[in-house]
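Peer 1: After the structure tokens below, expect a handful of questions from me.
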Amino acid sequence: MATLEGKTVVVIGGASGVGFAVAEAALAVGAQVVVGSSQTARIEAAAARLGRGAKGYTVDVKDEASVAALFEAVGAFDHLVFTAGDWGHMFGATRDLDIETSKARMEVRFWGAARAAKYGVRQIAKDGSITLTGGMLAHRLMPGMPLTVASANTTEGLALGLARDLAPIRANAVCLGLILSEQVQNMGEGMVKAYTQNLPIPRGGTCEEAAEAYLYLMRSTYVTGQIVRVDGGASLV
């Protein structure tokens, strides 16, 4: 397994949650880390908390020029991790879907990832990797979530397409279950318990546990076009 020591890892969505945990874990094994987020104050605070030479850049993944400017500023790098997402409305029965709001949500999670890949590939090392982020709702289907399911599947599909198109650059995705990020914890203990109590591992996952999957995919040089699930066994029930 390859080392990340001395490698440059770019984490878009690195101001908090899983992205911050990935950046922290990469720094711990000797990587140089660049974190990007849309809010300047948050990304500056995240870079300061990370320390050890971590750099922070403001980037709006909904804006193609902003994404292009980010990678121009970063220059050559080795691994791209995309964990950015927003929490817009995508729930509801088919007859009641808010299509326009749901389209806006995909601007970050799907189109933002596509923009990052488009411009990141111009600077990434030939033996580098891209890791995107999907969610278990792509596979644990529930009523009232057709667009949520579709959104999660498009992210995984993009990772597979990139793996074929960009080879030998590797591309994969991490499929997250209920991870106890700040946003999830704000849902309240009752909702978290309701979602997780019947899982083989009956709790939410930590951001640090999720980060291990991203480090695995960056370091495993014979793995591409794969979806790694970090879900407490949600796909089994």
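Since every read-out is calculated from the coordinates, none of them should be taken as a lab result. The model shown is predicted, which means the values in this text are computed figures rather than measured ones. Here the Cβ is made from the backbone with ideal geometry for all residues, glycine too, and neighbour counts use every protein chain on show.
Peer 1: Using θ = phi - 60° and the Karplus form 6.51 cos²θ - 1.76 cosθ + 1.60, what ³J(HN,Hα) does each residue of region 15-24 get, whole Hz, x for Gly and Pro?
Peer 2: After applying 6.51 cos²θ - 1.76 cosθ + 1.60, I find 6, 7, x, 4, x, 5, 5, 5, 4, 5 Hz.
Peer 1: At a threshold of 8 angstrom on Cα-Cα distance, excluding pairs fewer than six apart, so keeping six or more, what relative contact order does the chain reach in percent?
Peer 2: 20 percent
Peer 1: What does the charge count around residue 104 come to, taking other residues whose C-beta lies under 12 Å from its C-beta (Lys +1, Arg +1, Asp -1, Glu -1)?
Peer 2: 0
Peer 1: Scan around residue 179 for amide H atoms under 5 Å from its own, H built in the peptide plane at 1.01 Å from N, and keep only partners 5 or more places away or cross-chain.
Peer 2: HN-HN under 5 Å from residue 179: 205.
Peer 1: Once you keep just the Cα pairs under 8 angstrom separated by 6 or more residues, what percentage relative contact order results for region 19-101?
Peer 2: About 22 percent, as a whole number.
Peer 1: From Cα coordinates alone, what are the radius of gyration and Dmax values for region 124-184 in angstrom?
Peer 2: When restricted to the Cα atoms of region 124-184, Rg and Dmax are 13.6, 42 Å.
Peer 1: So what are the ³J(HN,Hα) numbers for region 219-227, from phi and the Karplus equation (6.51, -1.76, 1.60; θ = phi - 60°), rounded to whole Hz, Gly and Pro as x?
Peer 2: 8, 8, 6, 10, 10, 8, x, 10, 10
Peer 1: By count of other Cβ within 10 Å, fewest leading, how are 193, 7, 62 ordered?
Peer 2: 193, 62, 7
Peer 1: Here's a follow-up. Whole Å is fine, so just give me how far the alpha carbon centre of region 48-76 lies from that of region 154-215.
Peer 2: Their Cα centres are 23 Å away from one another.
Peer 1: The list [x] 50, 49, 39; [y] 63, 41, 34; [z] 46, 37, 36 gives values of Cα extents along the principal axes in Å, and only one came from this structure; which label was calculated from it?
Peer 2: Label [z] holds the value from this structure.
Peer 1: Moving on. Just rank 74, 59, fewest to most, by other beta-carbon atoms within 10 angstrom.
Peer 2: Final ranking by Cβ density, sparse to dense: 74, 59.
Peer 1: Would you pull out the residues with amide H under 5 Å of residue 135's amide H, same chain only if 5 or more places away, H placed 1.01 Å from N?
Peer 2: 176
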